[in-house]
Amino acid sequence: MRSDRPDEVVVVGAGIAGLSAAHRLAAAGLPVTVIEAERAPGGRMSTQAVGEGLMERGAQFLSTGYESIPGLLATLGLEERITTVSGRTMVADDGRTWRFDTRRPLSMVSGGLLRGRDLVPAARGGWAARRELAARPTNDLGRWTDLDERDGLEWARERFGQGLTRRLVSPTVHGLYFQELDANSAALPGTLAAFSARGASAFTLRGGLGTLTSALAETVTIEYEVRVDRVQRPESPGGHVVLTTSQGRREAAAAVIAVPAGAATRILADPAPDEAAVLATPYSRGLLAGLALAEPLAEDELGGAYGVLVTPGSSSPLAAVAVHSRTNAGAGEVLTVMFGQDAARRLATADHATVRAAAVESVEPWLPGLADRVTDSRVTRWQEAMPYVPIGHAEAVRRYRARLPAGSPVVLAGDYLGFPWSDSAAFNGLWAADRLVAELTGAPPERSGTGP
Ligand SMILES: Cc1cc2nc3c(=O)[nH]c(=O)nc-3n(C[C@H](O)[C@H](O)[C@H](O)COP(=O)(O)OP(=O)(O)OC[C@H]3O[C@@H](n4cnc5c(N)ncnc54)[C@H](O)[C@@H]3O)c2cc1C
């Protein structure tokens, strides 16, 4: 039902960023409506049923190192749903696999992932990260400008040595973000080192991560299946923002645009140079196949790992596999098979059966006989899965935030303003809300903590 209140704030997009923004705006007493193109909330943080199990369509797990999402979980009473994710991990590279446990770093050596000579540079890099990086915010890209000019691959090699970079850092960036390390600045491996230096570990929520976005959605007004086509700033100071939507024109006091860069570029009329700079962010694509199995994997299958990370450049078409039963989140078994960029492009228009067959075939070298165990499947595609953090991007984000003119009624909150993980997306939403709360109520933001 359309609300039509020109004094309200409209948030475009009901992903974790838009929902975090709307939740905070509503908590500050401002009238707010979220407009969402799909028929359900969550975007890239949503969960769907596959067979007897659950498939995460986007975000697979959260980290104890996160800084914005824990507050949301506490506010929404979701902490009791937290469940640990196994630290057991498998790295795969052309015919070879290594197993280790992220909670026992020395298992990287006993499992053969690292050689003795890799240890000294890796340990030295770890100590430096604990000293220099552990306390830095990992949700706010604008605070990482000092690592902005360095190539991520070069920086990681210099900091942690060739061995750790090739065997762990590169597969992590490939497996988690479907990206190559050298397409990112040092800010990306820098934040990964900060998480590791904090001793961060993975967790999820019983019922899936969609539980978080669904709970947030319950706290705000959302109009579903309405697409925003255009957002225009007021023609004169004090005027209204004009939104053109699939259901007609509407006015608002302010708007938060919380959609990925391509969608935001189509929506935002006349972007200013600082806006155009952040909107130019490239993304990796996502192609995921959720394979439901009749029975959970046996203890030793896939090395007992929750996640398989595939080394970039290997002959496997995959980036990663996640094993649902090893998240302790209940329900039946689902393998979430995530393709690398070449395969995601090649299979972009392939039908469900073709993608499912490619997923099964790609996992079978590690799990013989898989084809006979799959009972159901789902395929998810993301044209814009995860934003890169290219050289110079942290500075572009810092500039956008610092130079956003006072009184600006249109604020960007897409994930291209941050790192490719949900905590950073939530931060972007909270930051946008804090800006508007300060502008519209004249009051300093109550729970800011989101920086300048
Ligand atoms: C495959 C994959 C795995 C990931 N794994 C992890 C992980 O393990 N851990 C982690 O923390 N993060 C992970 N991430 C990243 C995380 O999912 C994102 O950072 C986060 O969900 C982005 O949220 P968002 O709100 O910025 O964008 P989105 O979730 O994309 O939300 C944008 C919303 O806007 C809507 N929309 C778009 N255009 C319009 C329009 N014109 N009008 C109205 N509505 C519109 C969309 O339908 C969508 O609901 C992963 C992402 C992917 C794709």
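The values are calculated or read from the model by the stated rules, or taken from the named source; none is laboratory data. Values in this document were obtained by computation on a predicted structure and should not be read as measured data. Glycine also receives a Cβ, built like all others from the backbone with ideal geometry; neighbour counts cover every protein chain displayed. The accessibility values were calculated without ligands, DNA or RNA, using every heavy atom of the protein model including side chains. Shrake-Rupley method; radii C 1.70, N 1.55, O 1.52, S 1.80 Å.
Gln383 fulfils the conditions (1) more than 16 Å from the ligand (Cβ to nearest atom); (2) open to solvent by 20 Å² or more (accessible area, probe 1.4 Å); (3) within 18 Å of the chain's Cα centre (by Cα) except for a single criterion, (1). When the stretch 195-222 is filtered for residues that are under 17 Å from Ile69 (Cα atoms), assigned to a helix (DSSP H, G or I) and among the hydrophobic types (A, V, I, L, M, F, W, C), the ones remaining, listed by number, are Phe195, Leu212, Ala215, Leu216, Ala217. In this structure, is Pro365 more than 22 Å from Ser422 (Cβ to Cβ) and either at pLDDT 95 or above or not in a helix (DSSP H, G or I) (or both)? Yes, satisfied. Could you tell me whether the stretch 242-265 includes any residue that is open to solvent by 30 Å² or more (accessible area, probe 1.4 Å), free of Cβ contacts under 8 Å to residues at least 12 places away in the same chain and of a type in the set (Ser, Thr, Tyr)? No, the stretch 242-265 contains no residue that is open to solvent by 30 Å² or more (accessible area, probe 1.4 Å), free of Cβ contacts under 8 Å to residues at least 12 places away in the same chain and of a type in the set (Ser, Thr, Tyr).
When the residues of the stretch 1-39 are filtered to those that are open to solvent by 50 Å² or more (accessible area, probe 1.4 Å) and not basic (Lys, Arg), the one that is farthest from the ligand (Cβ to nearest atom) is Gly29.
Tell me, please, whether a residue that is without any contact (Cβ under 8 Å) to a residue 40 or more places away in the chain and either part of a loop (DSSP other than H, G, I, E, B) or open to solvent by less than 50 Å² (accessible area, probe 1.4 Å) (or both) can be found in the stretch 47-64.
The first filter runs over the stretch 47-64 and keeps only residues without any contact (Cβ under 8 Å) to a residue 40 or more places away in the chain, leaving 49.
Right, trim to either part of a loop (DSSP other than H, G, I, E, B) or open to solvent by less than 50 Å² (accessible area, probe 1.4 Å) (or both) and you get none.
No, the conditions are met nowhere in the stretch 47-64.
For the stretch 357-365, does any single residue satisfy the condition of being more than 21 Å from Leu147 (Cα to Cα), in contact (Cβ under 8 Å) with a residue 60 or more places away in the chain, within 16 Å of the ligand (Cβ to nearest atom) and not basic (Lys, Arg)? Scanning the stretch 357-365 turns up at least one residue that is more than 21 Å from Leu147 (Cα to Cα), in contact (Cβ under 8 Å) with a residue 60 or more places away in the chain, within 16 Å of the ligand (Cβ to nearest atom) and not basic (Lys, Arg).
Conditions tested, residue by residue: (1) at positive phi; (2) out of contact with any helix residue (DSSP H, G or I) (no Cβ under 8 Å at 6 or more places or on another chain).
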{"site": "Ala269", "(1), (2)": "no, yes"}
{"site": "Val278", "(1), (2)": "no, no"}
{"site": "Tyr283", "(1), (2)": "no, no"}
{"site": "Leu291", "(1), (2)": "no, no"}
{"site": "Pro296", "(1), (2)": "no, no"}
{"site": "Gly313", "(1), (2)": "yes, yes"}
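So, in the stretch 314-342, of the ones that are out of contact with any Phe, Trp or Tyr (no Cβ under 9 Å at 6 or more places or on another chain) and within 12 Å of the ligand (Cβ to nearest atom), which residue ends up farthest from Gly290 (Cα to Cα)? Ranking the qualifying residues of the stretch 314-342, first place goes to Val337.
For the residues Val360, Val410, Val397, Val321, the requirement of being at pLDDT 95 or above, open to solvent by less than 10 Å² (accessible area, probe 1.4 Å) and assigned by TED's automatic domain parsing to the domain that holds Ile82 singles out Val321. With respect to the conditions (1) under 19 Å from Leu54 (Cα atoms); (2) out of contact with any Lys or Arg (no Cβ under 8 Å at 6 or more places or on another chain); (3) surrounded by fewer than 21 Cβ atoms within 10 Å (Cβ to Cβ), Thr354 falls short on a single one, namely (1). Could you grab me the full set of residues in the stretch 252-268 that are within 11 Å of the ligand (Cβ to nearest atom) and part of a loop (DSSP other than H, G, I, E, B)? The answer is Ala258, Val259, Pro260.
If I ask for residues that are farther than 15 Å from Val363 by Cβ, more than 24 Å from the chain's Cα centre (by Cα) and surrounded by fewer than 17 Cβ atoms within 10 Å (Cβ to Cβ), which ones from the stretch 85-104 would you list? Across the stretch 85-104, the qualifying residues are Asp94, Arg96, Arg104.
Scanning the stretch 327-348 for residues that are modelled with pLDDT under 95 and not aliphatic (A, V, I, L, M), we see that the one that is most open to solvent (accessible area, probe 1.4 Å) is Asn328.
Suppose the filter is away from the ligand (no atom under 15 Å from the Cβ) and in contact with a helix residue (DSSP H, G or I) (Cβ under 6 Å, 6 or more places away or on another chain); does Pro121 pass it? Spell out how you get there, then give the answer.
Details: away from the ligand (no atom under 15 Å from the Cβ): yes; in contact with a helix residue (DSSP H, G or I) (Cβ under 6 Å, 6 or more places away or on another chain): yes.
It is true that Pro121 is away from the ligand (no atom under 15 Å from the Cβ) and in contact with a helix residue (DSSP H, G or I) (Cβ under 6 Å, 6 or more places away or on another chain).
If you check every pair at least six apart or on different chains, which have Cβ atoms under 8 Å apart with a residue in the stretch 205-224 that is at positive phi first and a residue that is part of a strand (DSSP E or B) and open to solvent by less than 60 Å² (accessible area, probe 1.4 Å) second? Qualifying pairs under 8 Å: Gly207/Thr47; Gly207/Leu54; Gly208/Thr47; Gly208/Leu54; Gly208/Glu56. Listed by first and then second residue, the pairs with beta-carbon distance under 9 Å, at least 6 apart or on different chains, first residue in the stretch 80-107 and farther than 16 Å from Leu302 by Cβ and at pLDDT 95 or above, second assigned to a strand (DSSP E or B) and among the β-branched types (Val, Ile, Thr), are Arg81/Thr204; Ile82/Thr204; Thr83/Thr204.
Screening Val91 with (1) within 15 Å of the ligand (Cβ to nearest atom); (2) part of a strand (DSSP E or B) gives one miss only, at (1).
Restricting attention to the stretch 269-284, the residues that are within 14 Å of the ligand (Cβ to nearest atom), of a type outside the set (A, V, I, L, M) and either surrounded by fewer than 19 Cβ atoms within 10 Å (Cβ to Cβ) or farther than 26 Å from Ala358 by Cα (or both) total 1.
The residues listed here are Ala329, Ala298, Ala292; of these, the one that is assigned to a loop (DSSP other than H, G, I, E, B), in contact (Cβ under 8 Å) with a residue 24 or more places away in the chain and farther than 30 Å from Val397 by Cβ is Ala329. For the stretch 147-163, the set of residues classified as part of a helix (DSSP H, G or I) and open to solvent by 100 Å² or more (accessible area, probe 1.4 Å) consists of Glu154, Arg157, Glu158, Gln162, listed by residue number.
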